[in-house]
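Chemist: Here it is: the structure, laid out below.
The values are calculated or read from the model by the stated rules, or taken from the named source; none is laboratory data. It should be emphasised that the depicted structure is a prediction, and the values quoted were computed from it without experimental measurement. Here the Cβ positions follow ideal geometry from the backbone for every residue, glycine too, while neighbour counts run over all protein chains shown.
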Amino acid sequence: MPADYEALDYVAQRRVKSIIETYPLAEAAKAYERVAEGETRVRAVLTM
């Protein structure tokens, strides 16, 4: 099995957990600043 398929299989088995910071849509500017300044080490997600 090629490495790409092994990685996808690993994700499909839910062995990979995403770490996210959530921000309400009203704080989109704050989230953007944190990402632009490299302050987030994880994914920033806007919520509604």
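Chemist: Might you check whether a residue that is in contact (Cβ under 8 Å) with a residue 24 or more places away in the chain, of a type in the set (A, V, I, L, M) and surrounded by 10 or more Cβ atoms within 10 Å (Cβ to Cβ) occurs anywhere in the stretch 30-40?
Modeler: Quick first cut of the stretch 30-40, residues in contact (Cβ under 8 Å) with a residue 24 or more places away in the chain only: none.
Among the residues of the stretch 30-40, not one is in contact (Cβ under 8 Å) with a residue 24 or more places away in the chain, of a type in the set (A, V, I, L, M) and surrounded by 10 or more Cβ atoms within 10 Å (Cβ to Cβ), which makes the answer no.
Chemist: So, of the residues in the stretch 7-29 that are of a type in the set (D, E, K, R) and surrounded by 10 or more Cβ atoms within 10 Å (Cβ to Cβ), which turns out to be nearest to the chain's Cα centre (by Cα)? Lay out the reasoning, then the answer.
Modeler: First, the residues of the stretch 7-29 that are of a type in the set (D, E, K, R): 9, 14-15, 17, 21, 27.
Next cut, surrounded by 10 or more Cβ atoms within 10 Å (Cβ to Cβ) only: 9, 21, 27.
Working: 9: 19, 21: 8, 27: 17 Å.
My answer is 21.
Chemist: Continuing with the same structure: Are there any pairs with C-beta distances below 7 angstrom linking a residue in the stretch 8-23 that is without any contact (Cβ under 8 Å) to a residue 40 or more places away in the chain to a residue that is of a type in the set (A, V, I, L, M) and surrounded by fewer than 11 Cβ atoms within 10 Å (Cβ to Cβ), with the two at least 6 apart or on different chains, and if so which?
Modeler: 10/16; 19/42; 20/42; 21/42
Chemist: Let me ask something additional. Name the residues in the stretch 13-26 that are of a type outside the set (A, V, I, L, M, F, W, C) and closer than 8 Å to residue 46 by Cβ, would you? Please lay out each step first, then the result.
Modeler: As a first pass, look at the stretch 13-26 and keep what is of a type outside the set (A, V, I, L, M, F, W, C): 13-15, 17-18, 21-24.
22, 23, 24 - these are the residues of the stretch 13-26 that are of a type outside the set (A, V, I, L, M, F, W, C) and closer than 8 Å to residue 46 by Cβ.
Chemist: In a strand (DSSP E or B) and either of a type outside the set (S, T, N, Q) or touching a Pro at 6+ places or on another chain (Cβ under 8 Å) (or both): is that true of residue 8 in this structure? Give the derivation first.
Modeler: Numbers: in a strand (DSSP E or B): no; either of a type outside the set (S, T, N, Q) or touching a Pro at 6+ places or on another chain (Cβ under 8 Å) (or both): yes.
Answer is no for this residue.
Chemist: Of 15, 34, which residue is at pLDDT below 95 and either assigned to a helix (DSSP H, G or I) or in contact with an Asp or Glu (Cβ under 7 Å, 6 or more places away or on another chain) (or both)?
Modeler: Values: 15 fails: either assigned to a helix (DSSP H, G or I) or in contact with an Asp or Glu (Cβ under 7 Å, 6 or more places away or on another chain) (or both).
34 is the lone residue from the list that is at pLDDT below 95 and either assigned to a helix (DSSP H, G or I) or in contact with an Asp or Glu (Cβ under 7 Å, 6 or more places away or on another chain) (or both).
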